């Protein structure tokens with residue numbers, strides 16, 4: 001006999017497939033938490049087609065305050081549960097556990113009971129025949145295949161606000177922004193995370209929202225005609241799906257924190273795509289994945305990928321360099337950047353996204369550098385409230401005046417329907433350019449002063465603490 005233990009829907013799917021492929025002729029029992037049967041009221045239908053016997057345990061009993069209490073309580077509760085249900089672990093030829101670090105896995109380890117950790121479902125499901133997959137789909141509530149245009153994009157969501165990663169408002173905004181930039185709403189299919197409570201039908205009324213609570217790993221099999229693209233911000237499930245779809249769009253961990261800066265990245269890529277074709281693109285301390293995603297939707301791949309560098313000396317002549325201040329690595333000192341800007345080939349173009357407003361290009365009193373800087377102002381206007389307006393700015397450095405003029409003369413706009421916003425870039429007069437540069441200098445100077453005040457304060461604290469130490 002085989003005993004399975006699962007703690008998630010994903011693990012349940014794995015065990016169903018594992019049983020079919022490797023233990024079809026053996027009696028198989030399964031233990032799972034009560035919240036799984038709450039999600040799937042037809043859970044009893046697993047008995048017979050998938051497993052010989054089902055056991056449900058109360059997960060609330062395993063909530064404890066300390067690690068010691070957890071271990072003691074775990075041994076007592078799991079042991080009691082096994083006894084009450086007449087489950088003798090010695091009678092099973094193999095015990096397969098989905099979460100080895102969970103309560104049941106810890107119990108087995110503490111009591112010296114050998115068990116096996118389950119494999120990845122994606123590797124197993126590809127080996128299952130279509131008729132068995134159809135049986136699995138029916139259990140998870142997919143009685144009929146879903147009809148969808150093959151040009152559609154599936155968006156896998158994450159329950160950000162439930163996890164406390166971001167506020168409910170930011171949770172809403174991040175998906176509105178992703179849809180606005182990367183997929184038309186009419187071609188959007190949303191597969192919410194099982195614990196995601198966001199009202200996607202209201203946010204995207206023209207999209208298709210899959211309401212059935214089935215594991216994401218079944219996505220490739222639920223459509224009559226499989227969509228071409230799958231997209232996610234942070235769902236780990238996309239790793240298991242990449243072999244099934246023509247295109248996979250994913251984002252970096254930085255995106256969760258800096259998603260509002262997508263506008264600057266988009267406008268920078270727009271300018272590059274419109275004006276420059278034969279340059280290699282380099283990036284430093286930026287969101288590389290976001291840049292690549294935006295370049296792909298612009299239709300201009302430049303024939304090359306974006307090259308990441310962590311040292312300014314790695315950048316050759318005639319390059320586009322997109323630089324941000326995410327602090328992935330120690331940022332170059334402003335003096336170092338100033339020397340780099342002075343030494344670069346006259347055909348090179350350096351774009352400072354300036355997400356954290358570090359103004360990396362500002363090296364007082366090197367005013368000559370500022371004369372080669374073009375500020376690009378992005379005007380943001382709400383489409384539902386005309387009083388809701390603001391602007392953001394990024395900066396472009398070039399030694400060539402003709403390139404600076406071309407950049408300044410760029411005019412374009414983009415309507416973000418889901419976000420109810422319009423962004424616009426307009427050409428600026430000489431007076432406007434000068435004012436924008438002065439505003440940047442003022443803000444950069446304030447940042448430098450704050451930095452030096454903080455350094456002085458830290459130094460004083462160190463000096464005070466060292467003088468207060470009594471000699472031995």
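The values are calculated or read from the model by the stated rules, or taken from the named source; none is laboratory data. Remember, it's a predicted structure, so these values are computed and weren't measured experimentally. Cβ atoms come from the backbone with ideal geometry, glycine included; neighbour counts cover every protein chain shown.
Restricting to region 362-379, give me the number of residues that are surrounded by 17 or more Cβ atoms within 10 Å (Cβ to Cβ) and closer than 27 Å to residue 177 by Cβ.
The qualifying residues number 5.
For the subset of region 310-331 comprising residues that are within 22 Å of residue 253 (Cβ to Cβ) and modelled with pLDDT of 90 or more, which member is surrounded by the most Cβ atoms within 10 Å (Cβ to Cβ)?
Looking at residues that are within 22 Å of residue 253 (Cβ to Cβ) and modelled with pLDDT of 90 or more, I get 324.
Out of region 76-129, which residues are without any contact (Cβ under 8 Å) to a residue 12 or more places away in the chain and not in a loop (DSSP other than H, G, I, E, B)?
76, 80, 82, 83, 84, 90, 109, 123
Which of the residues that make up region 9-21 are within 18 Å of residue 131 (Cβ to Cβ) and surrounded by fewer than 22 Cβ atoms within 10 Å (Cβ to Cβ)?
18, 19, 20, 21 - these are the residues of region 9-21 that are within 18 Å of residue 131 (Cβ to Cβ) and surrounded by fewer than 22 Cβ atoms within 10 Å (Cβ to Cβ).
Would it be correct to say that residue 240 is under 27 Å from residue 423 (Cβ atoms) and either crowded, with 17+ Cβ neighbours inside 10 Å or touching a strand residue (DSSP E or B) at 6+ places or on another chain (Cβ under 6 Å) (or both)?
The answer is no for residue 240.
It is to be established whether one or more residues within region 176-197 are touching a residue at least 40 places away in the same chain (Cβ under 8 Å), out of contact with any strand residue (DSSP E or B) (no Cβ under 9 Å at 6 or more places or on another chain) and buried (at least 22 other Cβ atoms within 10 Å of the Cβ).
The answer is no, given that none of the residues of region 176-197 is touching a residue at least 40 places away in the same chain (Cβ under 8 Å), out of contact with any strand residue (DSSP E or B) (no Cβ under 9 Å at 6 or more places or on another chain) and buried (at least 22 other Cβ atoms within 10 Å of the Cβ).
For residue 246, state whether it is in the same structural domain as residue 180 (by TED's automatic domain parsing) and exposed (fewer than 14 other Cβ atoms within 10 Å of the Cβ).
yes
Taking region 23-60 as the region of interest, how many residues are part of a helix (DSSP H, G or I), within 35 Å of the chain's Cα centre (by Cα), over 23 Å from residue 79 (Cα atoms) and without any contact (Cβ under 8 Å) to a residue 60 or more places away in the chain?
2
Only one of these is assigned to a loop (DSSP other than H, G, I, E, B), in contact with a strand residue (DSSP E or B) (Cβ under 9 Å, 6 or more places away or on another chain) and touching a residue at least 12 places away in the same chain (Cβ under 8 Å): 310, 260. Name it.
Matching residue, one of 310, 260: 310.
Just checking, how many residues over region 267-290 are crowded, with 19+ Cβ neighbours inside 10 Å and either outside any helix (DSSP H, G or I) or touching a helix residue (DSSP H, G or I) at 6+ places or on another chain (Cβ under 7 Å) (or both)?
The number of residues fulfilling the criteria is 10.
For every residue, the table says whether it meets (1) touching a residue at least 40 places away in the same chain (Cβ under 8 Å); (2) in contact with a helix residue (DSSP H, G or I) (Cβ under 9 Å, 6 or more places away or on another chain); (3) loosely packed, with under 11 Cβ neighbours inside 10 Å; (4) not assigned by TED's automatic domain parsing to the domain that holds residue 348.
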| site | (1), (2), (3), (4) |
| --- | --- |
| 386 | no, no, yes, no |
| 404 | no, no, no, no |
| 407 | yes, yes, no, no |
| 414 | yes, yes, no, no |
| 421 | yes, yes, no, no |
| 443 | yes, no, no, no |
| 464 | no, no, yes, yes |
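Here is a yes/no grid of residues against (1) farther than 23 Å from residue 44 by Cβ; (2) out of contact with any helix residue (DSSP H, G or I) (no Cβ under 9 Å at 6 or more places or on another chain); (3) surrounded by 12 or more Cβ atoms within 10 Å (Cβ to Cβ); (4) at pLDDT below 90:
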residue: 75; (1), (2), (3), (4): yes, no, yes, yes
residue: 86; (1), (2), (3), (4): no, yes, no, no
residue: 90; (1), (2), (3), (4): yes, yes, no, no
residue: 93; (1), (2), (3), (4): yes, yes, no, no
residue: 96; (1), (2), (3), (4): no, no, yes, no
residue: 110; (1), (2), (3), (4): yes, no, yes, yes
residue: 117; (1), (2), (3), (4): yes, no, no, yes
residue: 120; (1), (2), (3), (4): yes, no, yes, yes
residue: 130; (1), (2), (3), (4): yes, no, no, yes
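Is there a residue being part of a loop (DSSP other than H, G, I, E, B), at pLDDT below 85 and buried (at least 16 other Cβ atoms within 10 Å of the Cβ) anywhere in region 332-344?
The answer is yes, given that some residue of region 332-344 is part of a loop (DSSP other than H, G, I, E, B), at pLDDT below 85 and buried (at least 16 other Cβ atoms within 10 Å of the Cβ).
Residue under question is residue 219, and the condition is that it be closer than 23 Å to residue 321 by Cβ and in contact with a strand residue (DSSP E or B) (Cβ under 9 Å, 6 or more places away or on another chain); does it hold?
No.
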